[in-house]
Amino acid sequence: MNPIVSHIVAWLKAYQQQAKVEGFIVGVSGGIDSALTSTLCALTGADVILLNMPIRQTTAEYQRAQEHIQDLKSRFANVRSYELPLTKVFSEFESLMPFEVKEQSLAMANSRARLRMMTLYAIGQANRCLVAGTGNRVEDFGVGFFTKYGDGGVDISPIADLTKTEVFNLAESVQVVNSILTAAPTDGLWEDGRSDEDQIGASYPELEWAMDYQGDSSELSVRQKEVLRIYHGFHAANKHKMEPIPVCLIPSELKHAK
């Protein structure tokens with residue numbers, strides 16, 4: 001077994017035993033991150049629940065998720081799954097909004113992720129399972145490409161210290177299905193199936209480079225300068241997701257004032 005895989009699996013198992021829970025629950029999107037995370041959880045031997053929670057998904061996203069779930073269940077006796085179509089629930093929620101939903105597409109896209117988070121926690125708590133996060137290092141700590149209190153709402157983050165490139169490499173080593181290994185990364189929050197690169201404007205290898213670059217920008221190509229601009233723009237705009245919630249501290253003299 002790959003030594004990094006062994007390390008993460010041991011970490012997951014130790015955390016699960018210390019928390020005195022039955023196992024893990026993972027939302028499977030048809031993407032590489034959830035595929036790797038769920039496989040790592042399965043390798044612990046603990047109870048693993050996979051949820052497919054389609055909300056107006058593209059056919060390709062849905063089929064990849066189903067293929068991965070069936071593959072993992074065929075390989076691991078400790079894995080079970082539920083399919084919970086949430087389109088009707090989301091549509092009802094959408095109908096209650098006091099604004100034109102088409103004009104607030106990002107707000108509604110993020111609401112999909114938050115609805116899935118609620119579902120994961122409901123079923124996870126009922127089965128004494130930890131919600132395993134699927135964010136990688138670039139998304140969670142670089143560009144903040146996740147939904148606050150959506151896919152960012154988790155109990156543990158087993159792959160958050162891995163770059164996207166490392167995620168793909170490890171996914172291949174644990175035999176994630178080929179349809180996921182070859183698919184363009186997407187967050188699954190848009191009906192048109194737009195990729196992460198479409199939304200961000202840079203590829204993951206480019207973002208990984210920008211995240212670690214500390215040299216002189218005057219020596220860079222036009223594209224490299226553009227990637228740095230994109231990276232720093234996202235990092236600044238999404239910093240609120242990556243830092244603790246601000247707390248208003250009350251001076252002691254005010255607390256004790258008569």
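Suppose we filter Ala35, Ala46, Ala19, Ala65 for residues that are in contact with a strand residue (DSSP E or B) (Cβ under 7 Å, 6 or more places away or on another chain), at pLDDT 95 or above, surrounded by 24 or more Cβ atoms within 10 Å (Cβ to Cβ) and on the phi < 0 side of the Ramachandran plot; which single one remains?
After ruling out the rest, the residue left standing is Ala65.
When the residues of the range 107-136 are narrowed to those that are under 24 Å from Leu12 (Cα atoms) and without any contact (Cβ under 8 Å) to a residue 12 or more places away in the chain, which ends up surrounded by the fewest Cβ atoms within 10 Å (Cβ to Cβ)?
Result: Ala126.
So in the range 144-167, with the set limited to residues that are surrounded by fewer than 20 Cβ atoms within 10 Å (Cβ to Cβ) and either among the aromatic types (Phe, Trp, Tyr) or touching a Pro at 6+ places or on another chain (Cβ under 7 Å) (or both), which one is farthest from Tyr231 (Cα to Cα)?
Tyr149
For Asn178, are the conditions met, namely being surrounded by fewer than 17 Cβ atoms within 10 Å (Cβ to Cβ) and either at pLDDT below 95 or under 27 Å from Asn2 (Cβ atoms) (or both)?
In short, yes.
Look through Leu72, Leu51 and report the one residue that is in contact with a helix residue (DSSP H, G or I) (Cβ under 8 Å, 6 or more places away or on another chain), under 28 Å from Ala10 (Cβ atoms) and touching a residue at least 60 places away in the same chain (Cβ under 8 Å).
After applying the criteria, what remains is Leu51.
Would you list the helices (runs of 4 or more DSSP H) that sit entirely within the range 170-214 and hold 2 or more residues that are farther than 16 Å from Val138 by Cα?
Hits in the range 170-214: 178-181.
Could you grab me the full set of residues in the range 91-106 that are surrounded by 10 or more Cβ atoms within 10 Å (Cβ to Cβ) and either farther than 18 Å from Pro54 by Cα or of a type in the set (A, V, I, L, M) (or both)?
Listed by number, the residues that qualify are Met97, Val101, Gln104, Leu106.
Give the number of residues within the range 50-80 that are hydroxyl-bearing (Ser, Thr, Tyr) and in contact with an Asp or Glu (Cβ under 8 Å, 6 or more places away or on another chain).
First, the residues of the range 50-80 that are hydroxyl-bearing (Ser, Thr, Tyr): 58-59, 62, 74.
Remaining after also requiring in contact with an Asp or Glu (Cβ under 8 Å, 6 or more places away or on another chain): 58.
Qualifying residue count, the range 50-80: 1.
Give me the pairs, please: first residue somewhere in the range 188-213 and free of Cβ contacts under 8 Å to residues at least 40 places away in the same chain, second residue anywhere and acidic (Asp, Glu), beta-carbon distance under 7 Å, and either six or more positions apart or on two chains.
If the second residue must be acidic (Asp, Glu), the pairs left are Ser203/Glu197.
Just the residues that are surrounded by 21 or more Cβ atoms within 10 Å (Cβ to Cβ) and touching a Gly at 6+ places or on another chain (Cβ under 8 Å), please, taken from the range 2-16.
Gln16 - this is the single residue of the range 2-16 that is surrounded by 21 or more Cβ atoms within 10 Å (Cβ to Cβ) and touching a Gly at 6+ places or on another chain (Cβ under 8 Å).
The values are calculated or read from the model by the stated rules, or taken from the named source; none is laboratory data. Because the structure is a prediction, the values reported are computed rather than measured. When we count neighbours, we look across all protein chains shown, and the Cβ atoms used for this are built from the backbone with ideal geometry, even at glycine.
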